[in-house]
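Here's the structure we're looking at; comments come further down.
The values are calculated or read from the model by the stated rules, or taken from the named source; none is laboratory data. From a predicted model like this one, the values you see are computed outputs, not experimental measurements. A quick note on method: Cβ atoms are made from the backbone with ideal geometry, for glycine too, and the neighbour counts reach across all protein chains shown. Note: areas computed on protein heavy atoms with side chains; ligands, DNA, RNA excluded. Shrake-Rupley method; radii C 1.70, N 1.55, O 1.52, S 1.80 Å.
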Amino acid sequence: METQLLSGRCACGQTVFQINAATACEVCYCDTCRQVSGGVGMAWATGLRASLSMHGPVSRWRSSDHAFRHFCASCGTQLLLIQEQAGDMVKIAVGALEPQDCMRMDHESHRESRPRWARSLTVAVSCQS
């Protein structure tokens, strides 16, 4: 996996982070991703957990039997998804990255859970400049 140093923050700015992560991302349509995002799904980039530097008020909750989601304790912005069997890999919420123009979508997961009302939406395959 080719990575680059990416930076991000929560919506209120109290939690900031840096991580070496891939610029290719996935969009997940699972029930939990749709519920926590309040939208069609969540975009995730994969990063190296050992490279993660995060400062600010962060809370977590067990969102499934195999993963924890981390979010800003002040504003609730989704930041990380840590799957117990992923080793040194962590998923970073693409919406929390600044800037996002280096990211490109390379696959979707749980496509069968994509809401019927959103199936006519065209998802851009690349957002590279």
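Quick notes
- When 40, 36, 16 are checked against the criterion of being of a type outside the set (S, T, N, Q), touching a Pro at 6+ places or on another chain (Cβ under 8 Å) and either under 13 Å from residue 92 (Cα atoms) or surrounded by fewer than 19 Cβ atoms within 10 Å (Cβ to Cβ) (or both), a single residue qualifies: 40.
- Within the stretch 55-75, residues that are over 19 Å from residue 44 (Cβ atoms) and touching a residue at least 40 places away in the same chain (Cβ under 8 Å) have Cβ atoms under 6 Å from residues that are in a loop (DSSP other than H, G, I, E, B) and aliphatic (A, V, I, L, M) in these pairs: 57/73; 75/11, counting only partners at least 6 apart in sequence or on another chain.
- Restricting 85, 18 to residues that are assigned to a loop (DSSP other than H, G, I, E, B) and not acidic (Asp, Glu) narrows the list to 85.
- Restricted to the stretch 43-60, and to residues there that are assigned to a strand (DSSP E or B) and among the small types (Gly, Ala, Ser), the residue that is surrounded by the fewest Cβ atoms within 10 Å (Cβ to Cβ) is 53.
- Any chance residue 95 is open to solvent by 30 Å² or more (accessible area, probe 1.4 Å), assigned to a helix (DSSP H, G or I) and at pLDDT 80 or above: yes
- Residues (touching a residue at least 40 places away in the same chain (Cβ under 8 Å) and either out of contact with any helix residue (DSSP H, G or I) (no Cβ under 6 Å at 6 or more places or on another chain) or of a type in the set (A, V, I, L, M) (or both)) located in the stretch 81-95: 89, 90, 91, 92, 93, 94, 95
- You will find that of 88, 31, the residue that is open to solvent by 30 Å² or more (accessible area, probe 1.4 Å) and farther than 21 Å from residue 5 by Cα is 31 and no other.
- Total residues in the stretch 8-23 satisfying the condition of being farther than 16 Å from residue 81 by Cα and touching a residue at least 24 places away in the same chain (Cβ under 8 Å): the figure is 4.
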